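Everything on this sheet refers to the single structure shown next.
The values are calculated or read from the model by the stated rules, or taken from the named source; none is laboratory data. Just so it is clear, the structure is predicted and the values come from calculations on it, not from any experiment. So basically every Cβ, Gly included, is an ideal-geometry build from the backbone, and we count neighbours across all protein chains shown.
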Amino acid sequence: MNSKIIILQDFSEYKEENKNCIVYTFSADEFLLSDAQKIMQKAYVKEEKAVLFILHYKHYSVIAQNYMLKLLEEPPFNVFFHILVSSKNLLLPTIKSRLITTLISKKRNDYQININLKKLSLCQIAEFDVSKEDLLDFISALFKECIKQKIHLSEKMLDEFYTAYELALLNSNPKAIICSLLLGIMYERS
């Protein structure tokens, strides 16, 4: 068993089935200093079995992460951590550099978009609406559609797709992301 960062969108997908260890789960909206202190206290209690701490928070405060840094870097014998996040960007670079990252992706049906990108107009862009739940799938489908319709994407536009994907993981406004991508595609094709 290893300590690791686990990236997933649906936290119900995470299942740790290790019966040979003691599991402590910490979950809430915000990972605060008080949470980090509780974990630190439990981590240094000697147990007969291995101990797994599962941390599942929507946001991780910088102060609490810094407090946990030494523990994550040099945990006591047989103590492991699974940090569940929707985006690796929620964690400090110092934490990310010390733990293995695993991505658990949900199997989804292929999201289809029916749009002629070569004849895309500003009116069509303004009318586009995608829910937050479908935004990641839409971004992937839009990228595939660009390839299918042979729209050349510059390095800058590829960066825009990456940024859009990261923003979608951070729960940003879908309309702003979609408009930015579609306007960029309009610019690229001209």
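Is it the case that some residue within segment 16-23 is closer than 17 Å to P93 by Cα and among the charged types (D, E, K, R)? Lay out the reasoning, then the answer.
Taking segment 16-23 and keeping what is closer than 17 Å to P93 by Cα, we get none.
Among the residues of segment 16-23, not one is closer than 17 Å to P93 by Cα and among the charged types (D, E, K, R), which makes the answer no.
With the requirement that a residue be assigned to a loop (DSSP other than H, G, I, E, B), at pLDDT below 85 and either in contact with a Leu (Cβ under 9 Å, 6 or more places away or on another chain) or within 27 Å of E166 (Cβ to Cβ) (or both), what does segment 1-25 give you?
Scanning segment 1-25 gives M1, Q9, D10, Y14, K15, E16, N18.
If you scan segment 13-54, which residues turn out to be free of Cβ contacts under 8 Å to residues at least 40 places away in the same chain, of a type in the set (S, T, Y) and over 18 Å from E73 (Cα atoms)?
Y24, T25, S27, S34
Can L153 be described as surrounded by 11 or more Cβ atoms within 10 Å (Cβ to Cβ) and modelled with pLDDT under 90? Spell out the reasoning first.
Details: surrounded by 11 or more Cβ atoms within 10 Å (Cβ to Cβ): yes; modelled with pLDDT under 90: no.
No.
Which residues, counting only those in segment 141-155, are in contact with a helix residue (DSSP H, G or I) (Cβ under 8 Å, 6 or more places away or on another chain), touching a residue at least 24 places away in the same chain (Cβ under 8 Å) and either part of a helix (DSSP H, G or I) or aliphatic (A, V, I, L, M) (or both)? Walk me through it before giving the result.
To start, the set of residues in segment 141-155 that are in contact with a helix residue (DSSP H, G or I) (Cβ under 8 Å, 6 or more places away or on another chain) comprises 142-143, 145-146, 149, 151-154.
Then keep just the ones that are touching a residue at least 24 places away in the same chain (Cβ under 8 Å); that gives 142, 145-146, 149, 151-154.
Hits for segment 141-155 are L142, E145, C146, I151, L153.
If Y111 satisfies all but one of (1) farther than 25 Å from K4 by Cα; (2) in contact with a Phe, Trp or Tyr (Cβ under 9 Å, 6 or more places away or on another chain); (3) in the same structural domain as G184 (by TED's automatic domain parsing), what's the number of the condition it fails?
(3)
Which ones in segment 124-150 are more than 25 Å from L90 (Cβ to Cβ), among the small types (G, A, S) and surrounded by 14 or more Cβ atoms within 10 Å (Cβ to Cβ)?
Within segment 124-150, just A141 meets the criteria.
Please specify each residue of segment 168-183 satisfying the condition of being closer than 23 Å to S154 by Cβ and more than 10 Å from the chain's Cα centre (by Cα).
Matches in segment 168-183: S172, A176, I177, I178, C179, S180, L181, L182, L183.
Among the residues that make up segment 55-77, is at least one of them of a type outside the set (D, E), under 30 Å from I147 (Cα atoms), outside the structural domain of Y162 (by TED's automatic domain parsing) and in contact with a strand residue (DSSP E or B) (Cβ under 7 Å, 6 or more places away or on another chain)? Explain how you work it out, then say what you get.
As a first pass, look at segment 55-77 and keep what is of a type outside the set (D, E): 55-72, 75-77.
Remaining after also requiring under 30 Å from I147 (Cα atoms): none.
No - not one qualifying residue is present in segment 55-77.
Against the condition more than 30 Å from D134 (Cβ to Cβ), not β-branched (V, I, T) and not in a strand (DSSP E or B), how does Q37 come out, does it pass?
Considered against the rule, which asks whether it is more than 30 Å from D134 (Cβ to Cβ), not β-branched (V, I, T) and not in a strand (DSSP E or B), Q37 comes out as yes.
Filtering segment 16-46 down to residues that are of a type in the set (D, E) and under 19 Å from I63 (Cα atoms), which residue is surrounded by the most Cβ atoms within 10 Å (Cβ to Cβ)?
Step one: filter segment 16-46 for residues of a type in the set (D, E), giving 16-17, 29-30, 35.
Now drop any that are not under 19 Å from I63 (Cα atoms), which leaves 29-30, 35.
Details: D29: 8, E30: 11, D35: 20.
Within segment 16-46, the match that is surrounded by the most Cβ atoms within 10 Å (Cβ to Cβ) is D35.
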